[in-house]
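What follows is a set of notes on a single structure, which appears directly below.
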Amino acid sequence: MAKRLIPSFNRILVEKIIPPSKTNSGILLPEKTPKLNSGKVVAVGPGARDRDGKHIPVNLKEGDTVLLPEYGGTEVKLGEKELVL
């Protein structure tokens with residue numbers, strides 16, 4: 001099994017951020033709290049090319065936080081981590 005997944009073209013690889021189930025003071029949060037689909041960018045592809053062959057870089061970099069669509073992306077399991085491509 002691959003240890004690293006490298007996206008191609010203008011794709012990005014995102015690790016979902018799981019909201020905490022308990023606050024710092026120890027109060028348990030109910031599961032019915034609205035979840036914000038956000039994630040941390042793990043890997044970024046090199047970018048795409050336009051019709052003239054010029055390189056169009058991706059505006060994101062590793063470590064950025066992004067919002068994810070509810071039903072979008074391709075879920076990938078890499079070891080213990082669940083990632084979205």
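The values are calculated or read from the model by the stated rules, or taken from the named source; none is laboratory data. What you are looking at is a predicted structure, and each value in this text was computed from that prediction instead of being measured. Ideal geometry is used to build each Cβ from the backbone, glycine not excepted, and the neighbour counts take in all protein chains shown. Heavy atoms of the whole protein, side chains included, go into the accessibility calculation; ligands, DNA and RNA do not. Shrake-Rupley method; radii C 1.70, N 1.55, O 1.52, S 1.80 Å.
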Original post:
Picking from Glu31, Glu15, Glu62, which is most flexible by a Gaussian network model of the chain using Cα springs under 10 Å?
Top reply: Glu31
**OP:** Considering only Pro46, Pro19, Pro30, give the residue with the highest GNM mean-square fluctuation for the chain, with springs between Cα atoms whenever their separation is below 10 Å.
**Re:** Pro30
Subject >> Karplus-derived HN-Hα couplings along the range 66-73 (A = 6.51, B = -1.76, C = 1.60, θ = phi - 60°), whole Hz, x at Gly and Pro >> reply: 10, 8, 10, x, 5, 10, x, x
Original post:
Given Lys22/Lys77; Lys16/Lys54; Lys40/Lys81; Lys16/Lys61, which pairs have Cα atoms separated by over 22 Å?
Top reply: Lys22/Lys77; Lys16/Lys54
**OP:** Indicate the gyration tensor shape class of the chain (rounded, prolate or oblate), computed on the Cα atoms with a ≥ b ≥ c the square roots of the eigenvalues: a/c under 1.5 is rounded; otherwise a/b larger than b/c is prolate and the rest oblate.
**Re:** prolate
Original post:
Just the accessible area per residue of the chain, please: how many Å² with a 1.4 Å probe?
Top reply: 86
Subject >> Label point distance in nm, Glu70-Asn24, each placed 7 Å from Cα along Cα→Cβ >> reply: 3.2
**OP:** Using R₀ = 30 Å, calculate the FRET efficiency as 1/(1 + (r/R₀)^6) where r is the Cβ-Cβ separation of Lys61 and Glu31; round to 0.05.
**Re:** 0.35
**OP:** Could you check which residue among Leu67, Leu28, Leu36 shows the biggest mean-square fluctuation in a GNM of the chain with a 10 Å Cα cutoff?
**Re:** Leu28
Original post:
Over the heavy atoms of Lys77, what accessible area does a 1.4 Å probe trace out, to the nearest 10 Å²?
Top reply: 140
